[in-house]
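Chemist: After the structure tokens below, expect a handful of questions from me.
The values are calculated or read from the model by the stated rules, or taken from the named source; none is laboratory data. These numbers were taken from a predicted model, which means no experiment stands behind them. Here the Cβ is made from the backbone with ideal geometry for all residues, glycine too, and neighbour counts use every protein chain on show.
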Amino acid sequence: MQEELKQTKASNRAEIKRLNDELSSLRKILRSYIQQIDSLNRINQELRAENEQITDQYNKTSSTLRQVSKERQALSEKVSLAAQLVATNIGAKAVNDRGREQSRLSRSTQFVVSFTIARNITTEPGERTIYVRIMSPDGNVLSKSPNNTFAYENSQILYSMNRIVEYGGEEIPVTMYWDIEEFLMPGTYKVDIFADGNHIGSHTFNMES
């Protein structure tokens, strides 16, 4: 436009005035655009800063929530562990038909397993099914039926004896009897006790032939 002004004859005053006015208007519009661009740039910088602040707060909040979740999970595990039953004073022996303790299998008619469910006031009271597994020296579990199973660690495993007890938080004695009706080998026998899907105690004893 400035070049056009130079080329316009001086006699054409009206055209020169029109071009000058148009140039002035364009300059005003350009200044307005520049001001808008500056304003938008400032707003954009403010938004970026605000976005960074929000992102930082979000990351901190997410980290705090993850930490709280971990602590809650750990607390839940501790509470669950504290609520588990525990078998104490575990004993196992063989007896004859008169109830006298025997060291030889040839003279024995029963295995007697006795223990105490310890006091635990954090455990919910109610009926509990106690399972006992007697494992022979060759690694086989003594069981009267292959259907005598219970759930443990995502599997169904054999049990030798079971009993339902009413648990109220105080210690209770439990005794179970296994009738010896099969041939058993001498050696070390192992007793494992389970309740609520947890292994709560074990004991070993030796038998002669």
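Chemist: For ILE134, work out the one condition from (1) closer than 13 Å to ILE193 by Cα; (2) loosely packed, with under 15 Cβ neighbours inside 10 Å it doesn't fulfil.
Modeler: (2)
Chemist: To continue, here is another question. Given the residues VAL112, VAL68, which is the only one that is touching a residue at least 60 places away in the same chain (Cβ under 8 Å), surrounded by 10 or more Cβ atoms within 10 Å (Cβ to Cβ) and of a type in the set (A, V, I, L, M)?
Modeler: VAL112
Chemist: Given the criteria out of contact with any helix residue (DSSP H, G or I) (no Cβ under 8 Å at 6 or more places or on another chain), over 16 Å from GLN84 (Cβ atoms) and in contact (Cβ under 8 Å) with a residue 24 or more places away in the chain, does VAL165 qualify?
Modeler: Spelling it out, it is not the case that VAL165 is out of contact with any helix residue (DSSP H, G or I) (no Cβ under 8 Å at 6 or more places or on another chain), over 16 Å from GLN84 (Cβ atoms) and in contact (Cβ under 8 Å) with a residue 24 or more places away in the chain.
Chemist: Another question about this same structure. Is it true that some residue in region 82-91 is assigned by TED's automatic domain parsing to the domain that holds VAL132, over 32 Å from the mean Cα position of the chain (by Cα) and at pLDDT 75 or above?
Modeler: Yes.
Chemist: Still on this structure: More than 16 Å from VAL86 (Cβ to Cβ), assigned to a strand (DSSP E or B) and within 26 Å of the chain's Cα centre (by Cα) - does that describe any residue in region 189-206? Before you say what the answer is, go through the steps one by one.
Modeler: Of region 189-206, the ones more than 16 Å from VAL86 (Cβ to Cβ) are 189-190, 204-206.
Among the residues that remain, those that are also assigned to a strand (DSSP E or B) are: 189-190, 204-206.
Subsequent filtering for residues that are within 26 Å of the chain's Cα centre (by Cα) retains none.
So far as region 189-206 goes, no, none of its residues is more than 16 Å from VAL86 (Cβ to Cβ), assigned to a strand (DSSP E or B) and within 26 Å of the chain's Cα centre (by Cα).
Chemist: Is it true that some residue in region 132-149 is part of a strand (DSSP E or B), closer than 19 Å to THR175 by Cα and of a type outside the set (A, V, I, L, M)?
Modeler: yes
Chemist: Next question, about the same structure. Answer yes if at least one residue in region 112-130 is farther than 14 Å from TRP178 by Cβ, acidic (Asp, Glu), at pLDDT below 95 and not in a loop (DSSP other than H, G, I, E, B), and no otherwise.
Modeler: Among the residues of region 112-130, at least one is farther than 14 Å from TRP178 by Cβ, acidic (Asp, Glu), at pLDDT below 95 and not in a loop (DSSP other than H, G, I, E, B), which makes the answer yes.
Chemist: Just for region 167-181: of the residues that are among the β-branched types (Val, Ile, Thr) and under 18 Å from ILE90 (Cα atoms), which one is surrounded by the most Cβ atoms within 10 Å (Cβ to Cβ)?
Modeler: VAL174
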